[in-house]
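The values are calculated or read from the model by the stated rules, or taken from the named source; none is laboratory data. These figures come from a predicted structure and were not determined experimentally. No Cβ is skipped: glycine too gets one built from the backbone with ideal geometry, and neighbour counts run over all protein chains shown.
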Amino acid sequence: MQIVLYLVYLVASVLFIFGIKKLGSPKTARQGNQLASLGMFLAIVVTLLDHRVLTFEWIIIGLVIGSAIGVIMALKVEMTGMPQMVGLLNGFGGGASALVALAEYYNLLSHHNVVNQVAGVGGPEVSTLVTIILSILIGSITFMGSFIAFGKLQGFVTGAVVKYPGQHAINALLILLVLGGGVLFVMDFAQPELVLGIVGVSLILGVLLVLPIGGADMPVAVSLLNSYSGIAASMTGFVLNNNMLIIAGALVGASGIILTLIMCRGMNRSLMNVLLGGWDSAGSGGTGESSGSTPQGDVKSVDSEELAMIFDAASSVIIIPGYGMAVAQAQHAVRDLTNILEKKGIQVRFAIHPVAGRMPGHMNVLLAEAQVSYDKLFALEDINDDFNNTDVAFIVGANDVVNPAARHDKSSPIYGMPILNADYAKTVIMNKRSMNAGYAGIQNEIFYYPNTLMYFGDAKDAISKLNNELKEL
């Protein structure tokens, strides 16, 4: 039976690895999800058959309730709310790891007390105690931090950078308290009050570590918290001596860290800069005069009828989606625009910036939901050189990721950040509700460029009007 257990765990691990591999391409992402799901199913079944910790009645009740909640959440959530849902799921994963580790601790404590009364035998191994503390620490931080991230994305927690006197000193002190408590715990683990204190401090750390991160940096925060949830799961695997959980958690933890670093590189910022507060004006929704020089010039606007004629005369169009498209739920209107233009023989492609939106791959998910073909989506490095030969760059709700100040304004907070070269196109169409700044809190130079036309309005309504005008042409 033990050999069968290890073989099934091996198969499940291989499925996880191939699943992550296939997630690297939109064309194979669904297949990757299916392979990973199959691996998880095998791991759950064989674990239940091997470790009958609970009666199957309780297991079935848990599966039914959990599955029902998951299905309802998946069906009810809007595509614009997907980042919040991902944040919540990260939190649930971290919280589950912390609870399992806590339950295992009380199980060890109960067993130790019984054995001690009978034979005076010593406590569990040091490695087990260390992994219990690490699982509780990382899991609790992930749980609480993810709910703060959820609140920032949902809007009931401020999206601005939150700083206060002694912020870093307080965080360092709390971390030292947890580490000190962990040392005392390893020396004498029969202290449930100490363990509950570590849980409380870890939960506070989760709040204080994520609260300073601005709304603009939420994609990085969500990715990092995803990594934390994997690391917490891996630590719990060591607590339970479960190889499958160790492997799965390590895969999630490693891939999350890699993605986080890729996104930081996409903003030309270090991970510590993001974690320690980043842009002071991020998420403030200000007018854009807080840092750097404020661009000046004439702004030219265009209506749907004039814009339809511009598109009709073009031979190539690159669409740049941003969070504004998600907020307006305009992805279907954008798809209709793509279809109309292609019927006229116009080439249409999409340029996706690595940090566009509020979670990794946000724009890809929205466009896939609208049935936009995968082969039309291009990453920054694959399409940036093509803007020089493009007739129209159509920017839908994006802002900082197309701001030319990133190239030359050393006083700008986004200086050095890789941007999409939309301003190199012959004509730039900027669809926004207003002239407000993006989440970096600075005005966008591209608004005032001679080849830029502002197309004001809610993205869904504005693009629908544009589509109607194009059909009439």
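Annotations for the structure displayed:
Conditions tested, residue by residue: (1) in contact with a Gly (Cβ under 6 Å, 6 or more places away or on another chain); (2) at pLDDT 90 or above.
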site: GLY155; (1), (2): no, no
site: ALA160; (1), (2): yes, no
site: GLN167; (1), (2): no, no
site: ILE175; (1), (2): no, yes
site: VAL178; (1), (2): no, yes
site: VAL207; (1), (2): no, yes
site: ALA221; (1), (2): no, no
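- Search result, residues across segment 424-473 that are within 30 Å of LEU271 (Cβ to Cβ) and either at pLDDT 95 or above or part of a loop (DSSP other than H, G, I, E, B) (or both): ASN436, ALA437, GLY438, TYR439, ALA440, GLY441, GLN443, ASN444
- Of all residues in segment 409-424, those that are closer than 13 Å to ILE383 by Cβ, of a type in the set (S, T, N, Q) and surrounded by fewer than 18 Cβ atoms within 10 Å (Cβ to Cβ) total 0.
- Those residues of segment 385-423 which are of a type outside the set (A, V, I, L, M, F, W, C) and more than 28 Å from SER270 (Cα to Cα), in sequence order: ASP386, ASN388, ASN389, THR390, ASP391
- Listing of helices (runs of 4 or more DSSP H) fully contained in segment 153-244 that carry 1 or more residues being within 17 Å of the chain's Cα centre (by Cα): 192-210, 218-240
- For segment 363-401, the tally of residues that are assigned to a strand (DSSP E or B), of a type in the set (Val, Ile, Thr) and either within 23 Å of the chain's Cα centre (by Cα) or more than 13 Å from ARG349 (Cα to Cα) (or both) stands at 2.
Every residue, every condition in (1) of a type in the set (Asp, Glu); (2) in contact with a Pro (Cβ under 9 Å, 6 or more places away or on another chain); (3) surrounded by 21 or more Cβ atoms within 10 Å (Cβ to Cβ), yes or no:
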{"site": "LEU173", "(1), (2), (3)": "no, no, no"}
{"site": "LEU177", "(1), (2), (3)": "no, no, no"}
{"site": "GLY181", "(1), (2), (3)": "no, no, no"}
{"site": "GLU193", "(1), (2), (3)": "yes, no, no"}
{"site": "LEU203", "(1), (2), (3)": "no, no, no"}
{"site": "GLY206", "(1), (2), (3)": "no, no, yes"}
{"site": "ALA233", "(1), (2), (3)": "no, no, yes"}
{"site": "VAL239", "(1), (2), (3)": "no, no, yes"}
{"site": "ASN243", "(1), (2), (3)": "no, no, no"}
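- Segment 16-44: number of residues that are among the hydrophobic types (A, V, I, L, M, F, W, C), over 11 Å from MET244 (Cβ atoms) and part of a helix (DSSP H, G or I): 8
- Among the residues of segment 3-57, those that are among the β-branched types (Val, Ile, Thr) and within 21 Å of the chain's Cα centre (by Cα) comprise ILE17, ILE20, THR28.
- Of all residues in segment 383-408, those that are surrounded by fewer than 19 Cβ atoms within 10 Å (Cβ to Cβ) and either outside the structural domain of VAL348 (by TED's automatic domain parsing) or charged (D, E, K, R) (or both) total 4.
- Residue check, ILE65 surrounded by fewer than 12 Cβ atoms within 10 Å (Cβ to Cβ) and either modelled with pLDDT of 85 or more or not assigned by TED's automatic domain parsing to the domain that holds GLN371 (or both): yes
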